[in-house]
Amino acid sequence: MSAVDLARSLLDSVAEFGGHAAGDDVAHLEVHGNEVVGAHLVPGLQIETQEIEDGIEAHIVVERGTRLLKPVHMCFGLLPQTGMQHIVMDVEIREEASASVLAHCTFPNAVDVTHAMDAEIRVEPGAEYRYFERHVHGPDGGVLVVPKAKVHLGEGARFRTEFELLKGRVGAMDIDYEVTCEAHAVLEMIARLIGRGADSIVIHETGHLVGEYARAVLQSHMALRDTARAEVFNTITAAAAYARGHVDCKEIVQEQAVARAVPIVEVRHPKAHVTHEAAIGSVDSRQLQTIMSRGLTEDDAVELIIEGLLS
């Protein structure tokens with residue numbers, strides 16, 4: 001299959017979920033396995049890629065003062081049933097720059113596929129970086145997803161990341177993000193997932209508030225059914241005056257599923273403040289009855305509640 005055909009097939013697999021925008025003013029990158037099958041850059045954005053044995057290395061730079069008005073669209077995937085894709089990313093968002101990335105990761109036929117990402121991200125003072133990752137998997141859960149990132153936010157920088165599964169079963173997932181926030185930096189990390197069958201989900205998210213007035217919110221919302229299992233470890237450390245943080249973990253458990261949440265807050269300065277909230281259990285019976293009283297079946301009411309949790 002040619003590079004053009006591979007790129008088209010990757011984009012087709014995510015088209016029903018919004019797909020990727022087109023146009024000369026929209027930057028994009030498509031990677032199938034270890035092959036870059038499509039790319040387009042815009043002024044102020046640099047992307048250098050190098051193929052490695054099982055994936056690619058990518059160095060991404062948003063130049064100082066550049067404000068990309070439209071998201072950069074990326075698509076990573078494997079169409080065969082088996083294989084390995086390793087994405088090594090080095091990202092620099094330079095001073096006073098701003099960029100968003102919409103990344104689709106698609107493995108629609110996976111039986112035994114591994115997708116790993118190792119990222120180093122530096123958001124310089126006054127800059128902003130938003131990374132929205134959307135996954136499309138097959139129905140059998142044959143994917144191992146292992147994204148890891150080390151992030152440094154300079155003074156007044158902002159970083160927001162969202163992770164969602166749009167279609168298919170999770171398979172096995174182990175997310176590990178660690179972020180250091182300098183003064184006045186703002187961090188938001190959000191994960192929304194539904195686990196089914198024998199899916200296994202592990203999330204480690206850590207925010208270190210080392211500068212004054214740094215802020216962080218770590219949010220994990222999940223719904224688990226069948227025999228799915230999830231462990232969430234959310235950690236915020238606050239070591240500077242007026243640093244503020246909040247951990248929010250909510251999980252709905254059905255049938256034989258198992259959920260474990262471990263919020264860790266550590267305050268090292270008397271003028272810092274960190275809070276946490278964790279709620280695990282079945283669907284609230286009062287809420288369920290209220291919705292059913294409006295004419296919905298129990299199954300439909302449960303789905304509506306889960307949809308609200310993940311919205």
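The values are calculated or read from the model by the stated rules, or taken from the named source; none is laboratory data. Given the structure is predicted, the values throughout are model-derived calculations rather than measurements. Here the Cβ is made from the backbone with ideal geometry for all residues, glycine too, and neighbour counts use every protein chain on show.
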List every residue pair whose Cβ atoms sit under 9 Å apart, with the two residues 6 or more apart in sequence or on different chains, where the first one lies in the range 239-264 and is closer than 13 Å to residue 195 by Cβ and the second, anywhere, is of a type in the set (Lys, Arg) and assigned to a strand (DSSP E or B). 251/260; 257/229; 258/229; 259/229; 260/229
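This table checks each residue for (1) touching a helix residue (DSSP H, G or I) at 6+ places or on another chain (Cβ under 6 Å); (2) within 20 Å of residue 185 (Cβ to Cβ).
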| site | (1), (2) |
| --- | --- |
| 31 | no, no |
| 56 | no, no |
| 83 | no, no |
| 99 | no, yes |
| 104 | yes, no |
| 112 | no, no |
| 126 | no, yes |
| 132 | no, yes |
For the range 207-221 the number of residues that are of a type outside the set (A, V, I, L, M), buried (at least 21 other Cβ atoms within 10 Å of the Cβ) and at pLDDT 95 or above is 3
Subset tally (residues that are over 19 Å from the mean Cα position of the chain (by Cα) and either among the hydroxyl-bearing types (Ser, Thr, Tyr) or under 19 Å from residue 107 (Cβ atoms) (or both)) for the range 55-84: 9
Given the structure, is residue 260 within 22 Å of residue 186 (Cβ to Cβ) and either modelled with pLDDT of 90 or more or not polar (S, T, N, Q) (or both)? no
